[in-house]
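To start, the structure itself, in structure tokens.
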Amino acid sequence: MSELEHAASFRDLKVYQKARKLSREIFAVTKTFPKEEMYSLTDQIRRSSRSIGANIAEAWAKRRYEKHFVSKLTDSDGEQQETQHWIGVAFDCGYISETQGREFVDKCLEVGRMLGGMISKAELFCGELPLAVREESAEYFVSSEN
């Protein structure tokens, strides 16, 4: 198996790049939404789509703590799922076509699969960093020899 190229920054991660592209595309399409949606649907879908990448960036900063890293990636996955919801609402309201909705959902699902891969292999991202901090295993059995 070939070695993965080392990412020096969250900006190097393909999943982050895809999340940013998705948020730009959603921003562009929401410019066509009615003005009365500005503080509801438009704001919600923009916020959730932008939060996908923001949580990836936060996860990267928390790599010293594997559980925090996974937690932030889980938040990112939650935001992509919320974005899927708002895409469905936009379709239901007739603001986007079925084709547009399907394309956006497919991009969300791809990001979700990538996040799932990172979560399941968190140790590869959090591994032997120079200053990595790991929790020691809890002792579940106490010796009665005191």
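Some observations on this one:
- Residue ID - surrounded by the most Cβ atoms within 10 Å (Cβ to Cβ), chosen from residues in the range 1-17 that are polar (S, T, N, Q) and modelled with pLDDT of 65 or more: GLN17
- The range 76-129, residues that are modelled with pLDDT of 95 or more, basic (Lys, Arg) and surrounded by fewer than 18 Cβ atoms within 10 Å (Cβ to Cβ): ARG102, ARG113
- Residue count, the range 83-122 (criterion: part of a helix (DSSP H, G or I), out of contact with any Cys (no Cβ under 6 Å at 6 or more places or on another chain) and among the hydroxyl-bearing types (Ser, Thr, Tyr)): 2
- Residue in the range 18-31 that is among the acidic types (Asp, Glu), at negative phi and at pLDDT 95 or above present: yes
- Any hit, the range 54-66, residues being closer than 20 Å to GLY94 by Cα, at pLDDT 95 or above and in a helix (DSSP H, G or I): no
- For the condition more than 30 Å from LYS121 (Cα to Cα) and crowded, with 16+ Cβ neighbours inside 10 Å, PHE69 does not qualify.
The values are calculated or read from the model by the stated rules, or taken from the named source; none is laboratory data. On a predicted model such as this, the values are computed, not experimentally measured, just so you know. Counting neighbours? That spans all protein chains shown, and the Cβs are built from the backbone with ideal geometry, glycine included.
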